[in-house]
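Worksheet: one structure, shown below.
Just so it is clear, none of the values below were taken in a lab; they were calculated from the coordinates. This structure is a prediction, so every number in the text was calculated from the model and none was measured. Cβ placement follows ideal geometry from the backbone for every residue including glycine, while neighbour counts extend to all protein chains displayed.
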Amino acid sequence: MNIDEIFDFTSFNIDREPHIVLDPNVCVGCDSRGCTNCCPARCYTYNEEEQKMTFVHDGCLECGTCYVVCELKAFTRWGYPKGGYGVAYRMT
Ligand code: SF4
């Protein structure tokens, strides 16, 4: 099973208040931007022309990868969704 197939078995209860918040100004000064390559849900997009990082929390799989790979810890908030919100895996 690959990551794309996992999405067929997941559902989300999305909280309007994001559980991860970035300071996009910090991202401009980052050389690697590992989040754009490592996030399995592709929540991070960097526009080189506009020098702008965009983050969308809706599809977050709560894996924690972005927290580990972010060299500059560009988060003003990083946490898991409140109870009852976020991803629900339905593998069985
Ligand atoms: Fe992407 Fe995982 Fe970070 Fe969620 S926790 S934004 S899925 S890397």
Legend entry - Ellipsoid semi-axes in whole angstrom, largest first, where each is sqrt(5λ) of the Cα gyration tensor of the chain: 24, 15, 11
Legend entry - Formal net charge of residues neighbouring residue 86 (Cβ-Cβ distance under 11 Å; K, R +1; D, E -1): -2
Inset, instruction - Express in % the proportion of alpha carbon pairs of region 31-78 at distances exceeding 14 Å. - result: 48 percent
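Around residue 54, what is the net charge, scoring Lys/Arg as +1 and Asp/Glu as -1 over all other residues with Cβ under 14 Å from its Cβ?
So the environment of residue 54 carries a net charge of -2.
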Inset, instruction - Using +1 at the Cβ of each Lys and Arg and -1 at the Cβ of each Asp and Glu in region 14-89, identify which of 53, 27, 89 lies farthest towards the dipole's positive end. - result: 89
Inset, instruction - Might you report the magnitude of the Cβ-based charge dipole of region 14-89 about its Cα centre, with Lys and Arg at +1 and Asp and Glu at -1, to the nearest 20 debye? - result: 220 debye
Inset, instruction - Quick one: which residues, 5 or more positions from residue 22 or on another chain, have an amide H under 5 Å from its amide H? H modelled 1.01 Å from N in the peptide plane, none for Pro or chain starts. - result: 76
